[in-house]
2 protein chains.
Amino acid sequence: MSNSILVVEDEPEIREMLRYSLEIEGFDTREAGDCHEAEKLIAKRTPDLILLDWMLPNISGIKFAKRLKKNELTKDIPIIMLTAKAEEENKVKGLETGADDYVTKPFSPRELIARIRTVLRRGPMTSPDGIVKIGALEINNDSRNVQVNKQVVDFSPIEYKLLYFLATHPERVYSREQLLTFVWGGETYIDERTVDVQILRLRKILAKHGSEPLIHTVHGVGYKFMEKK
Amino acid sequence: MSNSILVVEDEPEIREMLRYSLEIEGFDTREAGDCHEAEKLIAKRTPDLILLDWMLPNISGIKFAKRLKKNELTKDIPIIMLTAKAEEENKVKGLETGADDYVTKPFSPRELIARIRTVLRRGPMTSPDGIVKIGALEINNDSRNVQVNKQVVDFSPIEYKLLYFLATHPERVYSREQLLTFVWGGETYIDERTVDVQILRLRKILAKHGSEPLIHTVHGVGYKFMEKK
DNA sequence: GTAGTTTGTTACAAAAATGTGACGAATGAC
DNA sequence: GTCATTCGTCACATTTTTGTAACAAACTAC
C-alpha cells in the first residue's frame, strides 16, 4: 500500500529532489507548482498528505493551508509545511493554521521522510465533523465548545489554546519553550514556569469533571498529551 | 571495527584535511578526486559512507549522488554532501536529492565527525518511522516512550539519554570518559564512576522488565550495547 | 594461589525539577 | 467607576533525580 503525496512547491529543482526522495521511499508522488494547480490535483484524487512550501507565487502556502482546512472535503488531509530558516518565526502561525508539522529548510531527506511517516501514522485525530475526540474529551473547534464526559466545560482563552494544541498533537513531548512558542505565540517573554501553572489549571479542570489524566509530565523535558499510560 | 569512508573531493587541500580528521577518529579513509575515480573505488570495496563534494569536475556531486542511489548495489550507502556556503542559498536550499545529510563549508571537523556518526548509526538501526528497535527495546524519541517487551517503562532524563545513546550506537565500546562527553555533555566535571552507577540503574530497570542483558562490560575499557553475546 | 585493579551495589544527601496556592496587574463587562 | 475574570509571577512544598562515598565482588596479572 503506497501513500500518495502531493508536493506543492514552485522551484522545479527542489520539487525534483523531493519527488526523487519520496519515490525512493515508495510514495506515490504528484507535484504542483502553485496552489491553483494543486487544487486541481486534489480534486482529481485526494492525496494522503500534502507537502506545502511556505512561499508560493500567487497565494502563500499559509493561506492555501487555511483554505484547505476550511473545506469540508480537504480539511482532514495532513499538511507538512516547508519553511526556510529565515521564516522560522512563522512556524507558529503555520501550526495554528492547521499544518500538522513543519520542516525547516535546509533539511535532510531522512528527516523529512521520518516526519511524513509520523504524520501519516498519527492518522486524523479530528473526526470528519471537525471534532477532536480523545479520551473523555470532545473539542469542537468551530464552536469552541469543549465537553468532558459529555458535560460542557468552560475554558479561558489560553487554557483552551493549550488544551487544543495538546489534544491535536498527542503522543509527542513538548518542552515548555515549544509550548510557549506554539500556544502563546513567538514574541513573548514569558516565564517558562507559567506553562506549569496553566498545565496545572487544565489538569484541575479536567480532573474535576472526571477525566482520567491526559496531560503527562515528562521529567526533564516537558509535557505530553496521551490517552493512557 | 572501523568504518570505511570514501571522500570525493577535487581540492587536494580539503581532501588532505578531511583524511587527517577522519583518521584521527579511527575511520578507514579512501579518496577520490572525481566521480570516475570514486566509482572505481566503490566497485573495489563498498564504503560505509561517502563524503561527497557538491562541486566536482565533469559530473556534479548531485548527479553522482542520484546515480548511486539508483543503483541497486550502491543505493544504501549513506551520502553526506559538502556544500559551500554560497551555494546554499540557491541550489541547495533544502535538499540534495539522495544525500542523507549535508554539511556546509566551512565546517569544523568536530561537526563533520558528529554528522558522520549520526548518519552511520541511523542506517539499519532506526526503522523508517523513527523508532529505534533493538532486542526487547523500542524507543520512540518523539513521544519519549520506551517499551521493554511491549511494556511502557519510565526513565529519568539521564537514564534515557544514556540508553538512547547506547541503543543507537550498538556494537561499539565506549569508555566512561566518552560516555560522560556524549551523554552528559562536554563541560562537566563528574566522577567517572557515576557512569557505572547509571549503567547499573539502566540494567536493573531493563532486567526488571524481562530484557536480556543488553549492556555489556568490557573490562578495562568501558561499556558496550549489544543484542546477543 | 595472592595482590592489586576494576567493576557492581547500596545508601544517602545535595540538587534539580515539578506541583501548588496566593497575589496582583490587566482586561473587559456593566 | 465597580466587579469578575484571566493569567503571569512568586514562594514554598513536594517529588524526582543524580552524584558520590563506601564497601563487596569480580577480574587480571603474576
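The values are calculated or read from the model by the stated rules, or taken from the named source; none is laboratory data. Keep in mind that what you see is a predicted model, and the values were worked out from it rather than measured. A quick note on method: Cβ atoms are made from the backbone with ideal geometry, for glycine too, and the neighbour counts reach across all protein chains shown. Just so you know, the surface numbers come from the protein's heavy atoms only, side chains and all, with ligands and any DNA or RNA stripped out. Shrake-Rupley method; radii C 1.70, N 1.55, O 1.52, S 1.80 Å.
Do we find that A:Ser175 is small (Gly, Ala, Ser) and within 14 Å of chain B (Cβ to nearest Cβ) in this structure? The answer is yes for A:Ser175.
Just the residues that are closer than 13 Å to A:Phe225 by Cβ and more than 11 Å from DNA strand D (Cβ to nearest atom), please, taken from segment A:192-206.
A:Arg203, A:Leu206 - these are the residues of segment A:192-206 that are closer than 13 Å to A:Phe225 by Cβ and more than 11 Å from DNA strand D (Cβ to nearest atom).
Taken residue by residue, segment B:148-169 has at least one member that is at pLDDT 90 or above, part of a strand (DSSP E or B) and out of contact with any Gly (no Cβ under 9 Å at 6 or more places or on another chain). Applying the condition of being within 10 Å of another protein chain (Cβ to nearest Cβ) and within 12 Å of A:Leu56 (Cβ to Cβ) to segment A:3-13 and asking which residue is modelled with the highest pLDDT yields A:Glu9.
Residues checked against (1) out of contact with any helix residue (DSSP H, G or I) (no Cβ under 9 Å at 6 or more places or on another chain); (2) more than 11 Å from DNA strand D (Cβ to nearest atom):
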{"residue": "A:Val183", "(1), (2)": "no, no"}
{"residue": "A:Ile190", "(1), (2)": "no, no"}
{"residue": "A:His209", "(1), (2)": "yes, yes"}
{"residue": "A:Leu214", "(1), (2)": "no, yes"}
{"residue": "A:Tyr223", "(1), (2)": "no, yes"}
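Residues being over 22 Å from the mean Cα position of the chain (by Cα), within 15 Å of DNA strand C (Cβ to nearest atom) and open to solvent by 30 Å² or more (accessible area, probe 1.4 Å) are represented in segment A:167-190 by at least one member. Considering only segment A:14-36, how many residues are more than 13 Å from chain B (Cβ to nearest Cβ) and in contact (Cβ under 8 Å) with a residue 24 or more places away in the chain? Here the count works out to 7. For segment B:207-222, the criterion of being away from DNA strand C (no atom under 12 Å from the Cβ), loosely packed, with under 13 Cβ neighbours inside 10 Å, more than 14 Å from chain A (Cβ to nearest Cβ) and assigned to a loop (DSSP other than H, G, I, E, B) is met by at least one residue.
B:Asn71 meets each of the listed conditions (1) at pLDDT below 75; (2) open to solvent by 80 Å² or more (accessible area, probe 1.4 Å) apart from (2).
Scanning segment B:144-155 for residues that are in contact (Cβ under 8 Å) with a residue 24 or more places away in the chain and within 15 Å of DNA strand C (Cβ to nearest atom) yields a single hit, B:Phe155. Residue pairs whose Cβ atoms lie under 7 Å apart, sitting 6 or more positions apart in sequence or on different chains, and linking a residue in segment B:212-223 that is free of Cβ contacts under 8 Å to residues at least 40 places away in the same chain to a partner that is more than 11 Å from DNA strand D (Cβ to nearest atom), are B:His216/B:Tyr223; B:His216/B:Lys224; B:His216/B:Met226; B:His216/B:Lys229; B:Thr217/B:Tyr223.
For segment A:200-227, residues that are within 20 Å of A:Gln147 (Cβ to Cβ) and under 21 Å from the mean Cα position of the chain (by Cα) total 6. For segment A:44-63, check the following and say yes or no: at least one residue is without any contact (Cβ under 8 Å) to a residue 24 or more places away in the chain, more than 11 Å from chain B (Cβ to nearest Cβ), of a type outside the set (D, E, K, R) and surrounded by 15 or more Cβ atoms within 10 Å (Cβ to Cβ). So far as segment A:44-63 goes, yes, one or more of its residues are without any contact (Cβ under 8 Å) to a residue 24 or more places away in the chain, more than 11 Å from chain B (Cβ to nearest Cβ), of a type outside the set (D, E, K, R) and surrounded by 15 or more Cβ atoms within 10 Å (Cβ to Cβ).
Got at least one residue in segment A:149-160 being of a type in the set (Lys, Arg) and open to solvent by less than 60 Å² (accessible area, probe 1.4 Å)? No, the conditions are met nowhere in segment A:149-160.
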